Amino acid sequence: MSSVLVVEDESAIAELISINLRHAGFDVTLAATSEQAQALVDRVLPDLVLLDWMLPGQSGLQLARRWRTDARTRELPIIMLTARDEEADKISGLDAGADDYLTKPFSTKELLARIRAVLRRKAPEALDTAVEIAGLRLDPATRRVTRRLGDEVREVKVGPTEFRLLHFLMTHPERVHSRSQLLDRVWGDHVFIEERTVDVHVKRLREALAPVQCAALVETVRGAGYRLTQQVPGHVAG
């Protein structure tokens, strides 16, 4: 289930969008101001943001620009919502970093089509594409995990399940995943596996990453699940 943050100060419009998105299977969170939106994004990165141009205080345009300058939110998919339909305004929205632009009023069908199109474009590339975060590199084609430490490239020995778990976390960085979500995405339809199994494999993954000072990349979010942060903390416990 993809998560969408709707940043819209007109409550009637926000509620209507929310109902339609939930009906289409999206997990929806609402924010009425840029400050609320920033706080929510700081806590958990959504899969996509529907961002109204005109907001009280800081505008949606300013917020989009801020997100595009931050490494953590640089790739966050953004669709701008606005009553402005002048070409210059659309260009301003896209220049600010929006992935798409939707002029009010719009139909639910068009909104859903635009959301799905942006999510498809932003989805991780082919499954055999190597991914690298904080110097940790995972290459599905060669089944190797490595970390550059100074002039040395050290290989990380991980089991097949830990490899799949790390691959999923690295292709969905900064997002919190519950144990049930990880079971579904990493283990597939093995419905009889207990959720605690995830904890065991996370522990093994951290142990494998510890020699290359990357264990702390895999964070426990109390009461929610796990996420992979994109920055190695200054002090990493072994």
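The values are calculated or read from the model by the stated rules, or taken from the named source; none is laboratory data. If you're wondering where the values come from, they're calculated on a predicted model, not measured in any experiment. We place every Cβ from the backbone using ideal geometry, glycine too, and count neighbours over all the protein chains shown.
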Can you find even one residue in region 150-169 that is in a helix (DSSP H, G or I) and either in contact with an Asp or Glu (Cβ under 7 Å, 6 or more places away or on another chain) or modelled with pLDDT under 90 (or both)?
yes
Here is a list of conditions, (1) under 19 Å from Pro105 (Cα atoms); (2) exposed (fewer than 14 other Cβ atoms within 10 Å of the Cβ), and Pro56 meets all of them except one; can you say which number that is?
(1)
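Quick grid of which residues meet (1) more than 25 Å from Asp42 (Cβ to Cβ); (2) not charged (D, E, K, R):
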site	(1), (2)
Asp184	yes, no
Thr197	yes, yes
His201	yes, yes
Ala216	no, yes
Would you point out the residue of region 30-49, among those that are under 14 Å from the mean Cα position of the chain (by Cα) and assigned to a strand (DSSP E or B), that is modelled with the lowest pLDDT?
Leu48
Hey, Asp70 hits all of (1) closer than 13 Å to Ile115 by Cα; (2) of a type outside the set (Gly, Ala, Ser); (3) free of Cβ contacts under 8 Å to residues at least 12 places away in the same chain but one; which does it fall short on?
(1)
